[in-house]
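Take a look at the structure below.
The values are calculated or read from the model by the stated rules, or taken from the named source; none is laboratory data. Keep in mind the model is a prediction, meaning the values are calculated, not measured. Note: ideal-geometry Cβ built from the backbone for every residue, glycine included; neighbour counts use all protein chains shown.
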Amino acid sequence: MQIKDVIAVVTGGASGLGEACVRSLVEKGGKAAILDFAKERAEQIISELGDSVIFCNTDVTDAKTVQAAVDRTVEVFGSLNVAINCAGVSNAGKVLSKKGPLPIEQFNRVVQINLIGTMNVVTLAADKMVKNDPFEDGEKGVIINTASAAAFEGQVGQAAYSASKAGVVGMALPIAREFADYGIRIMTIAPGLFMTPMLAGLPEHIQESLNKMVPFPKRLGKASEYADLVQHIIENTMLNAEVIRLDGAIRMAAK
């Protein structure tokens with residue numbers, strides 16, 4: 001699929017990795033719907049990029065709002081052929097801490113947003129994609145999910161986050177096998193340490209220590225580098241059912 005043909009929904013599209021994807025796609029001729037809570041920030045992006053972007057106030061854990069978002073995307077742009085899942089949270093918490101056992105509600109919230117939210121978008125976006133006229137090779141759509149290096153090397157305090165991201169990794173292959181008959185690909189990107197709004201708020205000395213953890217290049221990843229990989233995945237039809245680590249060779253320590 002060529003970027004100029006892309007009509008995408010991007011969860012978490014008002015900031016960080018998602019925003020970078022929206023900007024990259026639109027600047028290269030595609031169209032995108034921002035699925036997010038941050039209305040003011042989304043409107044600022046739309047004011048910069050124009051009518052190739054729309055905003056849909058979306059709670060990814062609520063299938064009704066996701067359905068409304070994909071419906072509106074098709075209504076405005078005529079179809080939907082790419083879904084990019086960047087929405088997520090990373091609440092830390094030990095299973096057993098000085099405060100007692102980890103509240104199961106805290107664990108559940110992370111799983112609901114990171115895993116169930118991703119699956120909501122996968123299912124409802126794919127339901128639109130199967131109706132598309134195929135491109136070359138019979139391709140009708142591309143789904144790109146965001147996991148994390150923590151899916152493989154979760155640190156102390158990341159039980160919920162690692163479990164949710166490992167779930168995103170684990171569902172890629174069975175979904176790819178199922179969607180093969182529909183001409184829909186599904187890929188997963190597992191970022192390492194990236195300069196997102198969450199990390200940007202940390203003190204400079206902590207950011208510097210994080211930089212040193214990355215073997216090469218010794219810095220945090222840039223959101224634009226994530227967007228570059230998304231573009232390549234969209235354009236390279238042979239990429240399917242795979243998890244790509246985008247992490248500068250980092251392997252997370254226990255703490």
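Out of the residues in region 121-133 meeting the condition of being in contact with a strand residue (DSSP E or B) (Cβ under 9 Å, 6 or more places away or on another chain) and not hydrophobic (A, V, I, L, M, F, W, C), tell me which one is surrounded by the most Cβ atoms within 10 Å (Cβ to Cβ).
Result: K128.
When residues of region 34-72 are filtered for being among the hydroxyl-bearing types (S, T, Y) and either free of Cβ contacts under 8 Å to residues at least 12 places away in the same chain or not in a loop (DSSP other than H, G, I, E, B) (or both), how many remain?
Summing the residues that are among the hydroxyl-bearing types (S, T, Y) and either free of Cβ contacts under 8 Å to residues at least 12 places away in the same chain or not in a loop (DSSP other than H, G, I, E, B) (or both) in region 34-72 gives 2.
Applying the selection to region 85-112, what residues are under 30 Å from I234 (Cα atoms) and either in contact with a helix residue (DSSP H, G or I) (Cβ under 8 Å, 6 or more places away or on another chain) or in a strand (DSSP E or B) (or both)?
N85, C86, A87, G88, V89, S90, V110, V111
Could you say whether any residue in region 232-247 is without any contact (Cβ under 8 Å) to a residue 40 or more places away in the chain and surrounded by 15 or more Cβ atoms within 10 Å (Cβ to Cβ)?
no
Can you name every residue in region 94-109 that is of a type in the set (A, V, I, L, M) and under 20 Å from K255 (Cα atoms)?
Result: V95, L96, L102.
Here is a list: I84, I54. Which entry is among the hydrophobic types (A, V, I, L, M, F, W, C), under 15 Å from L35 (Cα atoms) and surrounded by 21 or more Cβ atoms within 10 Å (Cβ to Cβ)?
I84
What number of residues in region 1-18 are surrounded by fewer than 24 Cβ atoms within 10 Å (Cβ to Cβ) and assigned to a strand (DSSP E or B)?
1
On the given criteria, is L199 within 24 Å of S24 (Cβ to Cβ) and without any contact (Cβ under 8 Å) to a residue 24 or more places away in the chain?
Yes, satisfied.
What number goes with the only condition from (1) loosely packed, with under 15 Cβ neighbours inside 10 Å; (2) at pLDDT 95 or above; (3) of a type outside the set (V, I, T) that L102 does not pass?
(1)
Applying the selection to region 203-221, what residues are surrounded by 15 or more Cβ atoms within 10 Å (Cβ to Cβ) and part of a loop (DSSP other than H, G, I, E, B)?
Listed by number, the residues that qualify are V214, R219, L220.
Output the residue which, of all residues in region 162-202 that are at pLDDT below 95 and part of a helix (DSSP H, G or I), is surrounded by the most Cβ atoms within 10 Å (Cβ to Cβ).
The qualifying residue surrounded by the most Cβ atoms within 10 Å (Cβ to Cβ) is L199.
Give the residue, chosen from E136, E75, that is without any contact (Cβ under 8 Å) to a residue 40 or more places away in the chain and surrounded by fewer than 16 Cβ atoms within 10 Å (Cβ to Cβ).
Just a single option satisfies the conditions, and that option is E75.
Please tell me if A63 is farther than 22 Å from T188 by Cα and aliphatic (A, V, I, L, M).
no
Is it true that some residue in region 221-232 is more than 16 Å from T188 (Cβ to Cβ), at pLDDT 95 or above and of a type in the set (A, V, I, L, M)?
yes
Considering only region 144-152, I want to know if a residue exists there that is under 26 Å from M195 (Cβ atoms), of a type in the set (V, I, T), part of a loop (DSSP other than H, G, I, E, B) and touching a strand residue (DSSP E or B) at 6+ places or on another chain (Cβ under 8 Å).
No, the conditions are met nowhere in region 144-152.
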